[in-house]
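In what follows, a structure is listed as structure tokens, so that the remarks can point back to it.
The values are calculated or read from the model by the stated rules, or taken from the named source; none is laboratory data. Treat the numbers as computed from the prediction; the structure is a model and nothing was measured. A quick note on method: Cβ atoms are made from the backbone with ideal geometry, for glycine too, and the neighbour counts reach across all protein chains shown.
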Amino acid sequence: MFFVRGVGRSLGRLRSPKVDISGNYLKSSTTQVSPTRHETGGFTGAGVHGDSMKSITQSSKFPKVSVIVPVYNVEQYLPQCLLTIIHQTLEDIEIILVNDGSTDCSLEICEKAAELDDRIIVLNQKNQGQSSARNLALNIATGEYVCFIDSDDYVSLNYLESLYNHASYNDCELACIHHTIWDYSVDANKDLRIGATKIQSGIYEMNEKIFADKDSLYRMTAGKVWKRELIEKLNLRFLVGKVREDEHFFWCMLPFVKKFAVVPEAFYFYRQRPGSTMAIIHDAIKQHDTRCAAHLLDVFHDIVEHYTAYNLLSNYKLPFFLLAEEAHIQKEIGNVENILAIKKAVKDYANSAQFKNMQSPQDEATKLARVRKPLI
């Protein structure tokens, strides 16, 4: 039987049925309630800014949050991930699990969970990568907000309620966590490490200073709820077959976020383990894998096209620091060919007509100056 370790112990009773992966119900002294995605009712707004607010009541035939979980060969970690989602204090959710061609028991675990909780939808596809799995789920998601959780990670039991309450009550397109907890427990010599966003907890209107600061918010899709209506309005999906697809999604969404919340009491546990997507990327970099730099150039080019299509270049700064960061990495491993490719890309952008015709108060050359030094 699988228990959730170290999260939600003081968050009150669990209202969803407790199960193990063999399908057996665990005995509980609390009343078992089978939540449905169409249930309507009030819920407390604990932690939401606004002293006069006692509760929020929202009537909708759609779930408040669609939770999207791509799944690939994570049978060891998936039960913990699913239990923290199933037992969320916010019950009006749909949980979309996308099995991406797993060769272990991951699909079986997903299907067993779906038998026991009617909020769970299981999709199955041949192995096409995390981006493809997320896109498949986005195509059928119906929630007011969308949340992405990786299948080897886990969250605090108040995670969705805290993020949703802050976002919905304050009419935000985005709500994100203030703290991320990196779980190194698979390493006998490490345990947990806590990180925080540069911006403190609160409700903010997006402005040029926040947008331009690459460290203001975590540049990943996890640890957030996103307004689904905005995603669909932009017809935005994840790039398939490219690394850094999270940052592509983040920077394509951010210019359209008018207001966002930074939430202190919701926690995302980001497991560090061999075989994870980021571990594979880091290993590829260490092995002088030229694909990483090439992928990033493709990702950046797609961001430029997105900003161009929506006439954003005169008001929003492109994340040129992504190229600078990659250049630093390539310099450390001594890959001169990739450094030259990145330098050429920066020079081409600087000389292109779309930047020369910009009416931005800050000349584009000033932005490029930040990345020229590490490229040399």
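If we scan segment 104-120, do we find a residue that is free of Cβ contacts under 8 Å to residues at least 60 places away in the same chain, over 19 Å from the mean Cα position of the chain (by Cα) and assigned to a strand (DSSP E or B)? For segment 104-120, residues free of Cβ contacts under 8 Å to residues at least 60 places away in the same chain, over 19 Å from the mean Cα position of the chain (by Cα) and assigned to a strand (DSSP E or B): present.
Selection within segment 134-149: residues that are under 23 Å from Tyr270 (Cβ atoms) and in contact with a helix residue (DSSP H, G or I) (Cβ under 8 Å, 6 or more places away or on another chain). The member of this set that is surrounded by the fewest Cβ atoms within 10 Å (Cβ to Cβ) is Leu138. Are there any pairs, at least 6 apart or on different chains, whose C-beta atoms fall under 7 Å, with the first in segment 212-231 and over 18 Å from Tyr270 (Cβ atoms) and the second of a type in the set (A, V, I, L, M, F, W, C) and in a loop (DSSP other than H, G, I, E, B), and if so, which? Going by the 7 Å Cβ cut-off, the qualifying pairs are Ser216/Ile199; Arg228/Ala141. Restricting attention to segment 250-285, the residues that are modelled with pLDDT under 90 and part of a helix (DSSP H, G or I) add up to 9.
Selection over segment 236-249 of residues that are of a type in the set (Phe, Trp, Tyr) and either assigned to a helix (DSSP H, G or I) or modelled with pLDDT under 95 (or both) gives a count of 1. Tell me, please, whether a residue that is small (Gly, Ala, Ser) and modelled with pLDDT under 80 can be found in segment 199-217. Within segment 199-217 (the criterion being small (Gly, Ala, Ser) and modelled with pLDDT under 80), the answer is no, since none of the residues qualifies.
The criterion of being at pLDDT 95 or above, of a type in the set (Phe, Trp, Tyr) and surrounded by 23 or more Cβ atoms within 10 Å (Cβ to Cβ) holds for Tyr164. For segment 330-340, a residue qualifies if it is surrounded by 18 or more Cβ atoms within 10 Å (Cβ to Cβ) and either in a helix (DSSP H, G or I) or aliphatic (A, V, I, L, M) (or both), and the qualifying residues are Gln330, Asn338, Ile339.
Scanning segment 90-117 for residues that are under 17 Å from Gln130 (Cα atoms) and aliphatic (A, V, I, L, M), we see that the one that is surrounded by the fewest Cβ atoms within 10 Å (Cβ to Cβ) is Leu107.
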